[in-house]
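Remarks on the structure that follows.
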Amino acid sequence: KELDSLRRHIGIVAPESRVQRLRGKLGEWIEPEQRPAVSVSGIGGAGKSALVARFMLEHTRLPEADRIPFGYLDFARASLDIGDPVGLSAELVRQLDLQFPDLDLSRGFSFLDEWLPGSGVERAPESAEQLAGRAVSVLADILGMVGYRLGPRPYVLVLDTFEEVQYRGEERAHPFWNLLASLQDRFSFLRVVVAGRAPIETLRLAGRRPRRIELGDLDDEAAASFLGVQGIDDPAVRQDLIGTFGRLPLSLKLAASVASRMDGGAPALLAEGNGISLLTASAEVIQAQLYGRFLDHITDERIRRIAYPGLTLRRLNP
């Protein structure tokens with residue numbers, strides 16, 4: 001349901017009609033109207049990143065004539081800074097160049113390599129307004145070229161793990177919001193999706209607040225189906241697991257992972273009395289305890305010491 005809602009709002013049609021609604025009789029893309037951003041929110045483990053990843057991946061598998069360009073900025077990456085619109089612009093251009101190499105964006109915009117985070121090139125100090133103006137200029141040229149060569153198909157910009165920005169104050173994103181609004185005034189096909197633990201309030205596109213998609217627990221049918229995919233075949237055991245660990249996707253996935261490594265499987269996990277102590281725990285405590293049980297099966301102490309912080313960090317660089 002949430003995936004279809006995202007497709008419709010962004011301007012990509014439902015699966016049964018693919019991209020045909022956005023294309024005219026001669027196969028040309030139709031100029032879309034401006035639309036507000038989409039704010040995907042929910043607690044950790046609700047599936048925010050999984051939702052936007054599924055949405056983008058399904059479109060990368062289409063023929064190039066039907067494919068939409070997109071940019072993906074995950075603020076779990078320490079190298080990305082919402083206060084550096086120039087660096088973010090360089091990253092978006094790099095991604096477009098990878099998606100549509102025939103556009104040969106790297107040739108005309110090779111100077112952007114110096115703007116990429118971690119390039120080691122010192123940039124002269126500039127005010128926030130100067131940086132935003134430089135980024136708008138570059139992105140406007142890029143989107144103009146993309147629109148000319150590919151037609152006005154939607155360009156989707158996804159900002160993921162946005163809570164990393166919100167922890168330090170969403171006001172830091174205001175210059176970037178202004179940049180996006182300026183771009184959408186010129187290119188109505190710009191679509192923005194922001195995923196984080198809390199909804200965003202301050203981004204105004206098309207003169208409106210973001211449309212909210214809030215993720216939470218799965219319903220009973222979806223939770224049972226999800227456990228089935230994880231290898232829990234007995235319907236009664238599925239319901240017992242749901243009653244014990246709740247319907248949050250991450251909790252269910254971790255419970256199934258622990259059960260698969262125990263002698264006796266899920267019934268043994270439920271019989272150990274863990275359910276009684278976990279029933280009153282918060283979702284994050286449940287996840288932490290399940291994760292600890294999961295890691296107990298790692299026999300190498302050195303590996304376990306690396307893996308435990310992974311519950312918090314979620315990602316480790318090389």
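The values are calculated or read from the model by the stated rules, or taken from the named source; none is laboratory data. This is a predicted model, so every value here is computed, not measured. Quick reminder, even Gly has a Cβ in these numbers, built from the backbone with ideal geometry, and neighbours come from all protein chains shown. These area figures cover heavy atoms from the full protein model, side chains too; ligands, DNA and RNA do not enter into them. Shrake-Rupley method; radii C 1.70, N 1.55, O 1.52, S 1.80 Å.
Among residues that are assigned to a helix (DSSP H, G or I), modelled with pLDDT of 85 or more and open to solvent by less than 70 Å² (accessible area, probe 1.4 Å), LEU112 is not included. Screening region 77-100 for residues that are more than 9 Å from ALA135 (Cα to Cα) and among the hydrophobic types (A, V, I, L, M, F, W, C) and picking the one that is farthest from the chain's Cα centre (by Cα) gives PHE100.
This table checks each residue for (1) open to solvent by 10 Å² or more (accessible area, probe 1.4 Å); (2) modelled with pLDDT of 85 or more.
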residue	(1), (2)
ALA76	yes, yes
VAL121	yes, no
ALA132	yes, no
GLY144	yes, yes
PRO154	no, yes
GLN166	yes, yes
LEU179	no, yes
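In a residue-by-residue description of region 92-105, the property of being out of contact with any Gly (no Cβ under 6 Å at 6 or more places or on another chain), at pLDDT below 70 and either more than 23 Å from GLY196 (Cβ to Cβ) or surrounded by fewer than 18 Cβ atoms within 10 Å (Cβ to Cβ) (or both) applies to no position. Note on region 224-251: among residues that are aliphatic (A, V, I, L, M) and farther than 16 Å from LEU269 by Cβ, the one that is most open to solvent (accessible area, probe 1.4 Å) is VAL229.
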